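Below is one structure, written out as structure tokens; the observations come after it.
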Amino acid sequence: MQKRILIVDDEPAIRDMVAFALRKGDFEPVQAGDAREAQAAIADCIPDLILLDWMLPGTSGLDLARRWRREALTREVPIIMLTARGEENDRVGGLEAGVDDYVVKPFSARELLARIRAVMRRAREDEEDGSVSAGALRIDGAGHRVFARIGGAEQPVPIGPTEYRLLHFFMTHPERVYSRAQLLDHVWGGSVYVEERTIDVHIRRLRARRSCWARAMSRSTSSHPPAPEGASRRCRPPTRASSARRRQACQPQARSVAQARPAQGRPSAAPAARPAPKRHAESATVRIHGR
């Protein structure tokens, strides 16, 4: 669903230019030329964000911002001030009046869209902590941490801050295709100027992390498959502890068997020779004396 943005400016050319940029950024613009038209648009449908000009006919934009911050219907609606007054006192006065951001004219459409998304992202994070889950991955928005479910248990995944923002953006915007320029606007913001090829480096790192998660999950599922229900204990694969206990139990029995019987293949000791009978020796002596 498209976000509804109210443009309050007394110059039609600026309203048309901003509305065109909002449509390209997948937003729904609503235009108002003064405070009366702005109140009518809010009564019709509360917008998700208000772009407010300071110099308005009748009631100024600063007074409108103070009024909307007091009213219950518009108290939580983000407001971005669009004005040509760029002095420090003007900026401080606008922020103290309750606006969420301050953009000085002239401005580019890319910068304006980046600031709109940043303000809406902060407003969304105030409502929820940004936690999201997809498959085996879970992002803890409050702690800015990533967890992967490996082997039935969640394991923390080390990841850099930029890869974290990329992963969070992809998980919250599934089944969509984005160009490098769009990723720069969504993840880095319009105020940061980096090369578009920088995104390729972070995407490569994110894919490497994903490969590590996939290998770890495949190892955990293939190493010890669960036994089917109703299977007996002897059908389960033996563990290291059970094998060690079985070897210890068999060692005393093997020693007793070895002591009772000689080992196979070992030659046994020859029996002691019997002494010759004395009667043979006596007969031989008799014959010699007789001769």
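The values are calculated or read from the model by the stated rules, or taken from the named source; none is laboratory data. Everything numeric in this text was worked out from a predicted model, so none of it was measured. With ideal geometry, Cβ positions are generated from the backbone for all residues, glycine too; neighbour counts draw on all protein chains shown.
Observations on the model:
- Some residue of the stretch 165-187 being surrounded by 15 or more Cβ atoms within 10 Å (Cβ to Cβ), within 21 Å of the chain's Cα centre (by Cα) and basic (Lys, Arg): yes
- Qualifying residue in the stretch 11-30 (condition: over 28 Å from His186 (Cα atoms) and among the basic types (Lys, Arg)): no
- Residue in the stretch 157-172 that is outside the structural domain of Gly25 (by TED's automatic domain parsing), of a type in the set (Ser, Thr, Tyr) and part of a loop (DSSP other than H, G, I, E, B) present: no
- When Val18, Val30 are screened for being modelled with pLDDT of 90 or more, within 17 Å of Asp101 (Cα to Cα) and in contact with a strand residue (DSSP E or B) (Cβ under 8 Å, 6 or more places away or on another chain), only Val18 passes.
- Inclusion of Leu62 among residues that are within 21 Å of Glu28 (Cα to Cα) and out of contact with any Lys or Arg (no Cβ under 9 Å at 6 or more places or on another chain) is not warranted.
- Only listed residue being outside the structural domain of Glu76 (by TED's automatic domain parsing), modelled with pLDDT of 80 or more and either part of a helix (DSSP H, G or I) or over 23 Å from Leu22 (Cα atoms) (or both), chosen from Ala214, Ala118, Ala142, Ala208: Ala208
- Any chance Gly98 is over 15 Å from the mean Cα position of the chain (by Cα) and either of a type in the set (Phe, Trp, Tyr) or at positive phi (or both): yes
- Of the residues making up the stretch 9-34, those that are of a type outside the set (Phe, Trp, Tyr) and within 18 Å of Met120 (Cα to Cα) are Val18, Ala19, Ala21, Leu22, Arg23, Lys24, Gly25, Asp26, Glu28, Pro29, Val30.
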